[in-house]
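Report on the structure given below.
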Amino acid sequence: MGETARDFFSPEQQKAITTAIAEAEHMTSGEIRVHLENTLKGDVLDRAAFLFKQLGMNKTKLRNGVLVYLAVRSKKFAILGDNGIHKVVPENFWDRIKHKMLEDFKENRFAEGLIHAISSSGEQLKKHFPYLENDKNELSDEISFGKN
């Protein structure tokens, strides 16, 4: 694993993460993105909310986007879902996924933790936002990177 967000995951791990996103999105009409940065200044949820809007995730038709955010050097992460998701899921919807991610991260299994979070998100979202025959991929499946 590298020193910066851009090279934190090997090319093979990055491919596995983007493949997990594509596979999860074939279970649900929800849109999942992963964003990596080096460091975080301030509150992790505030930063994730800012990036959510900056990445255009609040513009999906069903408001069912999910952002998995990771500040690699600061060792902080968040999962943030849009309003459409929060209207239909229980308050503790993300807790089990975040807990499993934390377990994996503590064991330095970062790619595995992200892949599990992505797959679990797809599984959970398909109950409320099933995959539609005419589903359009509204957001890129590629990992996005911050400048810091």
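Laboratory data are not the source of any read-out in this text; all were calculated from the coordinates shown. Note that the structure is predicted; figures quoted are calculated from it, not measured. Neighbour counts are summed over all protein chains in view; Cβ atoms, including those assigned to glycine, are modelled from backbone coordinates with ideal geometry.
Of all residues in region 7-30, those that are in contact (Cβ under 8 Å) with a residue 60 or more places away in the chain have Cβ atoms under 9 Å from Cβ atoms of residues that are of a type in the set (Phe, Trp, Tyr) and surrounded by 17 or more Cβ atoms within 10 Å (Cβ to Cβ), 6 or more apart or on another chain, in Phe8/Phe110; Phe9/Phe110; Gln13/Phe110; Ala16/Phe9; Ile17/Phe9; Thr28/Phe129; Ser29/Phe129; Gly30/Phe129.
Residue-level check: of (1) polar (S, T, N, Q); (2) exposed (fewer than 15 other Cβ atoms within 10 Å of the Cβ); (3) within 22 Å of Ala16 (Cβ to Cβ), Asn92 misses just (3).
Of all residues in region 66-122 being hydroxyl-bearing (Ser, Thr, Tyr) and touching a Phe, Trp or Tyr at 6+ places or on another chain (Cβ under 9 Å), which is nearest to Pro11 (Cα to Cα)? The residue in question is Tyr69. Remark: pairs (first residue in region 83-95, over 18 Å from Ala117 (Cβ atoms); second residue among the hydroxyl-bearing types (Ser, Thr, Tyr) and surrounded by 11 or more Cβ atoms within 10 Å (Cβ to Cβ); Cβ separation under 8 Å; 6+ apart in sequence or on different chains) = Gly84/Thr60. Scanning region 131-148 for residues being closer than 18 Å to Arg33 by Cα and surrounded by fewer than 13 Cβ atoms within 10 Å (Cβ to Cβ) gives a total of 4. Restricted to region 65-115, and to residues there that are in contact with an Asp or Glu (Cβ under 6 Å, 6 or more places away or on another chain) and of a type outside the set (A, V, I, L, M), the residue that is farthest from Lys127 (Cα to Cα) is Asp104. Does region 97-116 contain at least one residue that is in contact (Cβ under 8 Å) with a residue 24 or more places away in the chain, under 14 Å from Ser29 (Cα atoms) and surrounded by 15 or more Cβ atoms within 10 Å (Cβ to Cβ)? No: region 97-116 contains no residue that is in contact (Cβ under 8 Å) with a residue 24 or more places away in the chain, under 14 Å from Ser29 (Cα atoms) and surrounded by 15 or more Cβ atoms within 10 Å (Cβ to Cβ). Based on this model, can you work out whether Leu51 counts as out of contact with any Cys (no Cβ under 7 Å at 6 or more places or on another chain), touching a residue at least 24 places away in the same chain (Cβ under 8 Å) and over 22 Å from Ser10 (Cα atoms)? Yes. Of the residues making up region 37-90, those that are over 22 Å from Arg6 (Cβ atoms) and acidic (Asp, Glu) are Asp43, Asp46, Asp82.
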